[in-house]
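First up is the structure itself, then whatever we jot down about it.
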Amino acid sequence: MRRLRVRCEVCGEVGLPANEVVVAGTSDPGRVRCSFDCPDCGQTGEQFCDVGAGRLLLLGGARGEPAAVPLVRPLGLSDIGELRALLDRPDFITLLKKAG
């Protein structure tokens, strides 16, 4: 099993099996959270890295977990109705300029 090096706030740099690191999404689409339990002191640690480093961790054997909070709420039927009403307004472009 591949071992990964992580940084514990108490013990410093430690190595642990890759499958003991959990990579999870965050509300920031460009970053992921990596969490682990330190094999020396048992304290839960976490680090943040970019998506590319997160992918490398997953390829190395880390476990993946979806983001805790969905990034965007899916559109519902009421949303589509409201969007259609907005698109029908003659001042739609003016409203967009004010909102942006």
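Coordinate-derived values only; no laboratory data. On a predicted model such as this, the values are computed, not experimentally measured, just so you know. As a convention, Cβ positions derive from the backbone with ideal geometry for all residues, glycine included, and neighbour counts pool all protein chains shown.
Quick look at the numbers
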read-out: Within the stretch 3-73: Cβ-based charge dipole about Cα centre, in debye rounded to nearest 20 (Lys, Arg +1; Asp, Glu -1); value: 280
read-out: Pairwise FRET efficiency - L86 versus V22, Cβ, R0 = 35 Å, nearest 0.05; value: 0.25
read-out: Helix-only mean residue ellipticity at 222 nm for the chain, each DSSP H run of n ≥ 4 adding -39500 (n - 2.57), per residue, nearest 500; value: -8500 deg cm²/dmol
read-out: Cα gyration tensor of the chain - equivalent ellipsoid semi-axes, whole Å, descending; value: 44, 13, 11
read-out: Charge dipole of the stretch 3-73 about the Cα centre (unit charges at C-beta), most positive-ward option of A18, C38, G60; value: G60
read-out: Stretch gain in nm, segment T44-I93, where the contour uses 0.36 nm per residue and the Cα spacing is subtracted; value: 12.6 nm
read-out: Förster radius 30 Å - calculated FRET efficiency between D79 and A53, Cβ distance, rounded to 0.05; value: 0.30
